[in-house]
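A short worksheet on the structure shown next.
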Amino acid sequence: MRYQFPDNFIWGVATAAAQIEGAPFEDGRQASIWDVFCAIPGKINRGDRPDVACDSYHRLEKDVEMLKALGVRSYRFSFAWPRIIPDGKGEVNPQGVAYYKKLLALLKENDIKANATMYHWDLPYALQIQGGFGNREIVSWFTRYAEVLLDNFGDDVDYWVTFNEPISVYAGYAQGLFAPGLADEKYARQCLHNLLLCHGEAVRLFRRKRLKSKIGIVVDVWKHYPARPGNQDDEALALYSNECAGYGMFLHPLFLGGYSEALTDYFREHGIAPEIREGDFETMRQPLDFYGLNFYNGLIDDARVAEEKKKAGGNFQDRPENHTEKLRDVLHMLKEKYRIQIPIFISENGVPQTDGPDLESLLDDQERIDYTKGVLTALHAAIADGIDVRGYYHWSLMDNFEWTAGYEARYGLYYRDYQTLERIPKKSAGWYAQLIRENGFEG
Ligand code: IFM
């Protein structure tokens, strides 16, 4: 069957600064929480470090060549806060600004729309020492950072994203899985509360500047389903995972206002409620121009084996089985439960391969093509149902630093050679380029 997408559908690829740029201490950049976390023995798989990553700090032209070869209409990347304002709140670093100006100029020259995230997990370490997201002062630090970005890059960015996957902050402050590596749930809940305030204030600021570009946020949804519907334990596990430790923590305050009943009860039972001041919920719930959905998988929860499934990794929710068809249900949930009426982008989607010495099989990534077809089939159906999805960004342009999984998890359409830094197109890159040219694919 042929799956054709609407005219003007935006096909893109996504990356993030900390995962591709490298050069953590060059031209004025200072450490982020990830630079410090990765230096702690045992935190990162195989002891991998993000110091070089894809060397994009020195290879911007090469990155853009790959975007051109794919024919993407948009590139999603992120600004590194410690490159723009190295200590988080002091002097602006002109070399950092120049780097992103160059990237944006190259994108414009090649008619590629810029989709840029303000925060994709790389908090300046200097701010972490002052409490990081747990310190309510972060709202003014972040708003100033947002102002520097908007004043320097404003309408050169077509789509502004305030935060990518706020759940990373939960993983980093409550579960110890991500930087900064803390496991203090009460503190983490305050961090998330403050993060949502940062988002709200940045959107307010954006509106005051009357820019022509658009602004939104990216929240990943790994929806959990009970393995045995009706079974109390499975249902409770799925409810907890969705509402108290998953997407509900964000979508409720962003789109419905306030915290859900399930989360409020959970806060009370565990004595971990954040400090909520008057007006906070109003600040968080700003009208947005679009919502970015990062979708990787649907998850089936079976209380009998739940413990076994918990594992640290690149993305700690990765599981061997794929439920790509769940994307359709997730998109319906966004519309029906969270009443999201604004355009939606699939701002990330992809699947990892495990690194190995056999280059040939890494390049012959038919599994990635099959997985992506599964996702796009569900997306096609959701669009036919009337869900307003305007674009899709594949994660990722090239293999890169996959957080705690290091370089072992390869998500790229392009293979990255860790020794030579060469980038080689995989089979999926050719397939994706054809899909973009034809605006559809044969299923
Ligand atoms: O690599 C990450 C990215 O930084 C955020 N979303 C999930 C990707 C794959 O795990």
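I want to confirm something. Restricting to the range 192-226 and keeping residues that are part of a helix (DSSP H, G or I) and of a type in the set (Gly, Ala, Ser), which single residue is surrounded by the most Cβ atoms within 10 Å (Cβ to Cβ)?
Among them, the one singled out is Ala202.
Each row is one residue, and each column tells you yes or no for (1) in a loop (DSSP other than H, G, I, E, B); (2) touching a Pro at 6+ places or on another chain (Cβ under 8 Å); (3) on the phi > 0 side of the Ramachandran plot; (4) at pLDDT 95 or above.
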{"site": "Ala98", "(1), (2), (3), (4)": "no, no, no, yes"}
{"site": "Ala105", "(1), (2), (3), (4)": "no, no, no, yes"}
{"site": "Asp111", "(1), (2), (3), (4)": "yes, no, yes, yes"}
{"site": "Leu177", "(1), (2), (3), (4)": "yes, no, no, no"}
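Quick one: is Pro86 assigned to a loop (DSSP other than H, G, I, E, B) and in contact (Cβ under 8 Å) with a residue 12 or more places away in the chain?
yes
When the residues of the range 26-54 are filtered to those that are under 26 Å from Glu91 (Cα atoms) and among the charged types (D, E, K, R), which remaining residue is surrounded by the most Cβ atoms within 10 Å (Cβ to Cβ)?
Here the residue is Arg29.
Can you name the residue in the range 411-430 that is in contact with a strand residue (DSSP E or B) (Cβ under 8 Å, 6 or more places away or on another chain) and not in a strand (DSSP E or B) and, of all such residues, is farthest from the ligand (Cβ to nearest atom)?
Glu422
Residue by residue through the range 347-371, note down the ones that are within 16 Å of the ligand (Cβ to nearest atom), in contact (Cβ under 8 Å) with a residue 60 or more places away in the chain and either over 22 Å from the mean Cα position of the chain (by Cα) or open to solvent by 10 Å² or more (accessible area, probe 1.4 Å) (or both).
Across the range 347-371, the qualifying residues are Val351, Asp365.
Residues in the range 128-143: is at least one away from the ligand (no atom under 16 Å from the Cβ), free of Cβ contacts under 8 Å to residues at least 60 places away in the same chain and over 20 Å from Asp280 (Cβ atoms)?
Checking the range 128-143: at least one residue is away from the ligand (no atom under 16 Å from the Cβ), free of Cβ contacts under 8 Å to residues at least 60 places away in the same chain and over 20 Å from Asp280 (Cβ atoms).
Specify the residue that is nearest to the ligand (Cβ to nearest atom); the eligible residues are those in the range 382-410 that are open to solvent by 10 Å² or more (accessible area, probe 1.4 Å), in a helix (DSSP H, G or I) and under 18 Å from Leu177 (Cβ atoms).
Out of the qualifying residues, it is Ala405.
Yes or no, residue by residue, for (1) crowded, with 23+ Cβ neighbours inside 10 Å; (2) within 18 Å of the chain's Cα centre (by Cα):
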site	(1), (2)
Asn115	yes, yes
Phe133	yes, yes
Glu137	no, no
Tyr145	yes, no
Asp155	no, no
Asn164	yes, yes
Val169	yes, yes
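Could you tell me how many of the residues in the range 179-191 are under 19 Å from the mean Cα position of the chain (by Cα) and open to solvent by 10 Å² or more (accessible area, probe 1.4 Å)?
Qualifying residue count for the region: 2.
Return a yes/no flag: does the range 207-216 have any residue that is touching a residue at least 24 places away in the same chain (Cβ under 8 Å), more than 25 Å from Ile272 (Cα to Cα) and small (Gly, Ala, Ser).
yes
For Gly374, are the conditions met, namely being touching a Ser or Thr at 6+ places or on another chain (Cβ under 9 Å), surrounded by fewer than 24 Cβ atoms within 10 Å (Cβ to Cβ) and not in a loop (DSSP other than H, G, I, E, B)?
yes
Kindly indicate whether Ile10 is within 16 Å of the ligand (Cβ to nearest atom), β-branched (Val, Ile, Thr) and over 22 Å from Lys427 (Cβ atoms).
no
The values are calculated or read from the model by the stated rules, or taken from the named source; none is laboratory data. Fair warning: this is a prediction, and the values are worked out from it, not measured in the lab. Note: ideal-geometry Cβ built from the backbone for every residue, glycine included; neighbour counts use all protein chains shown. To get the accessible areas, we keep the full protein, side chains included, count just its heavy atoms, and leave off ligands, DNA and RNA. Shrake-Rupley method; radii C 1.70, N 1.55, O 1.52, S 1.80 Å.
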